[in-house]
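What follows is a set of notes on a single structure, which appears directly below.
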Amino acid sequence: MGIPSYERRCAEIINQTDLLVSYLNDADLGIQVPSTPEWTLNQLLRHVGHAHRWADSMLRDRLPEIDFSRNGAQLVSSYVGEPASVLIPWLREGAASLAEVLREVDPDEMIAPLGGHPGPRVWSRRMMHETVIHRWDACNALGVPFSLDPEIAQDTLREWTGLALPYAFQRWPSETAALAGSGTVHLHATDVEAEFVIDLTGPAPAVEEGHAKASVALRGPVVDLVLAVYRRRPVDGLEVFGDAELLEKFLGAIRF
């Protein structure tokens, strides 16, 4: 199973947003979201919409670097008591606008680049997976079923290893320092071809795709692996082989 195309990612930003808003008409948007306890569902939805608009703004203005001052996705505490009739069209509008500008620009143009990679490709992927994870948050809060296309899920896992993992080591060095030199972690999806070996024996994590012996292996369906590494579910019910203490330390230190 390959990496979703650029066009697929653009389409999935809209699709995942449509799925997200499909749960909202009769929902209590004032409930707390267990996986993001500092936010209500209302505030979580504003977070998603502002993230879309942040990427959209940088791409439309063809910024040569990321402008964090434009990111209002964390500043959502003031949103209280908004009805679904306001949030649904607002979320759909933001997703459609982001997909539109992504399709208008050259995917390889160095607009708002991240880690030396062209911004359109990075942001098409980042916003697709941002919406996926927060759709799970909403489903979990509302008690409705969550499902995800395996092709998208394996790319969510791949992005986590390539973006969230190194980001955590850079952003929270005091929390991740104990992992340096600790061993290797193997993430093994049992329902799709998705395997990643994370080498923690050096000062920074190194990731390779494929099968290899490791200090500890975590095996299970790809969606469950995604939820485990994003700390949305415990590893209970998944297969753990090897150093379970290392796995617990690893998952506990990596946040995004």
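The values are calculated or read from the model by the stated rules, or taken from the named source; none is laboratory data. Just so you know, these numbers come straight off a predicted model, no measurement behind them. Positions of Cβ are backbone-derived with ideal geometry, glycine not excepted, and every protein chain shown enters the neighbour counts. The accessibility values were calculated without ligands, DNA or RNA, using every heavy atom of the protein model including side chains. Shrake-Rupley method; radii C 1.70, N 1.55, O 1.52, S 1.80 Å.
Given the criteria touching a helix residue (DSSP H, G or I) at 6+ places or on another chain (Cβ under 7 Å), of a type outside the set (A, V, I, L, M, F, W, C) and surrounded by fewer than 20 Cβ atoms within 10 Å (Cβ to Cβ), does residue 219 qualify? No: the conditions fail for residue 219. Residue pairs whose Cβ atoms lie under 9 Å apart, sitting 6 or more positions apart in sequence or on different chains, and linking a residue in the range 61-88 that is closer than 19 Å to residue 26 by Cβ to a partner that is open to solvent by less than 50 Å² (accessible area, probe 1.4 Å) and of a type in the set (Lys, Arg), are 82/46; 87/46. Close Cβ contacts (under 9 Å, 6 or more residues apart or on different chains) running from residues in the range 162-181 that are closer than 15 Å to residue 196 by Cβ to residues that are of a type in the set (Ser, Thr, Tyr) and outside any helix (DSSP H, G or I) comprise 164/230.
Hey, among the residues in the range 141-186 that are among the charged types (D, E, K, R), over 16 Å from residue 221 (Cβ atoms) and in contact with a helix residue (DSSP H, G or I) (Cβ under 9 Å, 6 or more places away or on another chain), which one's most open to solvent (accessible area, probe 1.4 Å)? Ranking the candidates gives 175 first.
Taking the residues in the range 1-27 that are farther than 19 Å from residue 49 by Cβ and among the charged types (D, E, K, R) as candidates, determine which candidate is least open to solvent (accessible area, probe 1.4 Å). Filtering the range 1-27 for residues that are farther than 19 Å from residue 49 by Cβ and among the charged types (D, E, K, R), the one least open to solvent (accessible area, probe 1.4 Å) comes out as 8. Pairs are defined by a Cβ separation below 9 Å, a sequence spacing of at least 6 or placement on different chains, a first member in the range 15-40 that is in contact (Cβ under 8 Å) with a residue 24 or more places away in the chain, and a second member that is open to solvent by less than 10 Å² (accessible area, probe 1.4 Å) and assigned to a strand (DSSP E or B); the pairs so defined are 39/33; 40/33.
Of the residues 189, 204, only one is touching a residue at least 24 places away in the same chain (Cβ under 8 Å), crowded, with 16+ Cβ neighbours inside 10 Å and among the small types (Gly, Ala, Ser); which?
On the way: 204 fails: crowded, with 16+ Cβ neighbours inside 10 Å.
Just one listed residue meets the conditions, 189.
Evaluating residue 64 against the criteria (1) at pLDDT 95 or above; (2) open to solvent by less than 70 Å² (accessible area, probe 1.4 Å); (3) out of contact with any Asp or Glu (no Cβ under 7 Å at 6 or more places or on another chain) leaves one unmet condition, (2). If you go through the range 138-157 one residue at a time, do you hit one that is hydroxyl-bearing (Ser, Thr, Tyr), within 30 Å of residue 109 (Cα to Cα) and modelled with pLDDT under 95? No, because not a single residue in the range 138-157 is hydroxyl-bearing (Ser, Thr, Tyr), within 30 Å of residue 109 (Cα to Cα) and modelled with pLDDT under 95.
The criterion of being over 16 Å from residue 20 (Cβ atoms), surrounded by fewer than 14 Cβ atoms within 10 Å (Cβ to Cβ) and not aliphatic (A, V, I, L, M) holds for residue 30.
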